[in-house]
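Please read the structure below before turning to the comments.
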Amino acid sequence: MLELQRNVIFGQYVDTGSFIHRMDARIKLVITFVFVVASFLIGDFIGFGIVLLLLALIQIVSRIPVGFILRGSQFFLAFLLFILVFQVLFYPGEASNYLWRWWILSVSTEGLYTAGILGLRVIFLYHVTTMLMLTTSLVDLTNGLELIFAPLQRLRLPVNELVLVFVIAIKFVPIFIEEIERLARAQTARGVPFDQGGAVTRARRIGRLLVPIFISGFTRADTLTTAMNTRSYRGGRGRTKFRLMEARPSDWAVLALVLAWMIVAWLV
Amino acid sequence: MIEIEGVSFSYRTGEEDAVPALSELDLRVEPGRFVAIIGHNGSGKSTLVKLLTAIQYPTGGTIRIDGVPVDEENQWEVRRKVSVVFQDPDDQLVMNRVEDDVAFGPENLGLPREEIAQRVESSLGALGLREIRGRLIEDLSSGQKQRVAIAGALAMRPRFLILDEPTSLLPVPVAMRLVATIRDLNRRENMGVLHVTHSMHEASLFDRVVVMEAGRKILDGTPAEVFRHVERLRKVGLDVPLAASLAYRLRARGIHLEGDILDETDLRAALSAVRSGPQA
Ligand SMILES: Nc1ncnc2c1ncn2[C@@H]1O[C@H](COP(=O)(O)OP(=O)(O)OP(=O)(O)O)[C@@H](O)[C@H]1O
Ligand SMILES: [Mg+2]
């Protein structure tokens, strides 16, 4: 069976009550943003070495088991590996440093290096955004985003609505995954084996589920909109908040540390 | 007061395959009443719920809630007066944590934070959800989810609470407890309740039972009055509770039974009165 729910964790929230879970969502969002910027600035293995230590630290503090993340990322990692192999094979290496060559395919040290950096960059991005979602509940994420982007409201940007669309999109990832599983199970019951056959056959079998999944996705979205309307939701206008957001001193300290790290890395 | 006057509705109006779902329905429900709506599949119960909560609008006739006409213009005012709970809690829970979801409606009303906190607190308390307030909704049982959905509706402090088969996915004892809780709320808050159900046993616990068939109201009265029409109910695919149906058959054979018989206790009492002979 596919067991997608265990194998795709993007968009899930897992409450372990750790320090990171209790951090102010706005600060977590800012830090995530800093990391995203950092991932584009860092360009060598030493830089990413430090990053890996950082990711390990986040992982430990969050108390979310590494095995859980790895199992939940296998589809993503397989896809990444696939892309990177392409990146290496088609890298326009110079004649001097290729290790292996056949027709238009080649493996060069430069190609390996670039693909390695790209891989680390993507993993970094993936890890920090996944950790943000795993440790921040939907409400905190919405409220945090709304507060951060509140100034844009003055430019007549519908911030509340945009944030809500974004949050619902995230909320839908696990729902979609559940739906795929349900349909796949129904197909398996009718004798379509999803775990047999070559990669192409398997991909084609999964592809056949796409249309029903989109239809049920739209139905779900429609139901959710109706539910929100009957509960007096009118696009975030005049909405007040039940939850207070309070940044504790320790939250600010973490933010300061991250910024300090950025500046030091910048200077060195 | 809910006033439904000559209301008709069909899905896909104007098209060839239009589906008439309600025709010329009249119904009045005073504030604070505890009303069950029963009817066979497709009799128009859910359609009625959709019209009362401004999800759909009548194609004919008018609906007024506390004097406010239910139309596009007044939809938001209507939704402040009427809260709805659907059959499947997954269709209506929006947030992913219990107390956040209960707070969702009041937040939309733009109430001050203290007021929201107080409403969340009392709604959670009323449904016995205080202990699980911080839990993730996806981890709850369907009974718990349904309670969260009701707590969310209650936190809106509606004049009328409308429930569309909220108990059909629940085991019978859980459903019974839920109905008892709703009755309690109805008494305490003087909140009107319209409860759609398939279960005749559940319906017998209400002050008033409205029976729908093919988009019309065919019977309306106290459970005792309605359950007297055993043949009529059977014709539209509804079964009178066993005790009431037995009483009906005994009476049909000329055995005189005193009082309204809705359940086993009533029946026992009436039968022992018969056995001990007519009192002087
Ligand atoms: N979205 C829709 N589009 C078209 N027709 C519909 C739609 N919803 C309901 N109907 C039709 O309207 C009629 C009344 O349906 P409604 O859902 O109100 O019945 P109900 O009494 O709630 O039934 P149930 O006990 O099965 O919930 C039925 O004939 C049904 O097929
Ligand atoms: Mg229905």
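Please treat every number below as a calculation from the coordinates, not as lab data. This one's a predicted model, so the numbers in the text were calculated from it and none came from an experiment. Backbone-built Cβ (ideal geometry, glycine too); neighbour counts: all protein chains shown.
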**Prompt:** So what J values fall out for the range A:161-169 if you push phi through Karplus, 6.51 cos²θ - 1.76 cosθ + 1.60 with θ = phi - 60°, rounded to Hz, Gly and Pro as x?
**Reply:** 5, 4, 4, 5, 4, 4, 5, 5, 4
**Complete:** Under 5 Å from the placed amide H of B:I218, counting only residues 5+ away or on other chains, we find B:V211, B:M212, B:E213
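When Rg is the radius of gyration of the Cα atoms in the protein assembly as shown and Rh is its Kirkwood radius, what does Rg/Rh come to?
On the way: Rg = 30.1 Å, Rh = 27.7 Å.
My calculation puts Rg/Rh at 1.09.
Evaluate Rg over Rh across the range A:48-183, taking Cα atoms for both radii and Kirkwood's formula for Rh.
Working: Rg = 20.1 Å, Rh = 18.3 Å.
Ratio of gyration radius to Kirkwood radius for the range A:48-183: 1.10.
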**Burial ordering of A:I9, A:I46, fewest other beta-carbon atoms within 10 Å first** = A:I46, A:I9
**Asked** What number, in percent, do you get for the relative contact order of the range B:211-280 if the mean sequence gap of Cα pairs under 8 Å and at least 6 apart is divided by its residue count?
**Response** 22 percent
**Asked** Given H placed on each backbone N at 1.01 Å, which residues far from B:S8 in sequence or on other chains put an amide H within less than 5 Å of it?
**Response** B:E24, B:L25, B:T59, B:G60, B:G61
**Asked** With θ set to phi - 60° and the Karplus curve 6.51 cos²θ - 1.76 cosθ + 1.60, what are the ³J(HN,Hα) couplings of the range B:138-146 in order, to the nearest whole Hz, using x for Gly and Pro?
**Response** 5, 8, 8, 6, 5, x, 5, 4, 5
**Fill in**
For the table A:K241/B:K145; A:K241/B:K81; B:K145/B:K235; B:K45/B:K81; A:K241/B:K45, the rows whose alpha-carbon distance is greater than 31 Å are B:K145/B:K235; A:K241/B:K45
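What per residue convex hull volume, in Å³, comes out for the range B:2-222 when only alpha-carbon positions are used? Kindly include the intermediate steps, with their values, before the conclusion.
Details: hull volume 27.1 nm³, N = 221.
Residue-normalised Cα hull volume stands at 123 Å³.
Restricting to the range B:2-222, what percent of DSSP beta bridges are antiparallel, rounded to 5? Could the numbers behind the result be given before it?
Details: 20 of 38 bridges.
In the range B:2-222, DSSP labels about 55 percent of beta bridges as antiparallel.
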**Asked** For chain A, what relative contact order do you get, as a whole percent, if you take Cα pairs closer than 8 Å and at least 6 residues apart?
**Response** 31 percent
**Asked** Among B:222-228, B:81-87, what's the highest-first ranking by average C-beta atoms within 10 angstrom per residue?
**Response** B:81-87, B:222-228
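Among B:E16, A:E110, which comes first, then next, by fewest other beta-carbon atoms within 10 Å?
On the way: B:E16 5, A:E110 16.
By the 10 Å Cβ count, ascending, the order reads B:E16, A:E110.
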**Message:** If the only charges are +1 at each Lys and Arg Cβ and -1 at each Asp and Glu Cβ, what is the size of the charge dipole of the protein assembly as shown around the Cα centre, to the nearest 20 debye?
**Reply:** 560 debye
**Request:** Determine ³J(HN,Hα), in whole Hz, for all residues of the range B:245-261 in sequence, where each value follows from phi through the Karplus function 6.51 cos²θ - 1.76 cosθ + 1.60 and θ = phi - 60°; x replaces Gly and Pro.
**Result:** 6, 4, 4, 4, 5, 5, 5, 4, 8, x, 7, 8, 10, 7, x, 7, 10
**Inter-probe distance in nm under a simple model that places probes 7 Å from Cα toward Cβ, at A:A189 and A:L157** = 4.7 nm
**Request:** Net charge near B:L257: determine it from the other residues with C-beta under 13 Å of the C-beta of B:L257, scoring Lys and Arg +1 and Asp and Glu -1.
**Result:** +3
**Prompt:** Which percent, nearest 5, of DSSP beta bridges in the protein assembly as shown are antiparallel?
**Reply:** 55 percent
**Message:** Working only with C-alpha atoms, what are the Rg and Dmax values of chain A, expressed in angstrom?
**Reply:** 22.0, 68
**Fill in**
Largest fluctuation, A:L162, A:L118, A:L99 only, Gaussian network model of chain A with Cα springs under 10 angstrom, belongs to A:L99
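Pairs of Cα atoms under 8 Å, at least six residues apart: use those to get the relative contact order of chain B, whole percent. Mind dumping the intermediate values first?
Working: 501 pairs, mean separation 61.8, N = 280.
Contact order relative to length: 22 percent.
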**Request:** Considering the options A:G197, B:P20, A:G217, tell which one lies farthest towards the positive end of the dipole of the protein assembly as shown, charges being +1 on Lys and Arg and -1 on Asp and Glu at the Cβ, about the Cα centre.
**Result:** A:G197
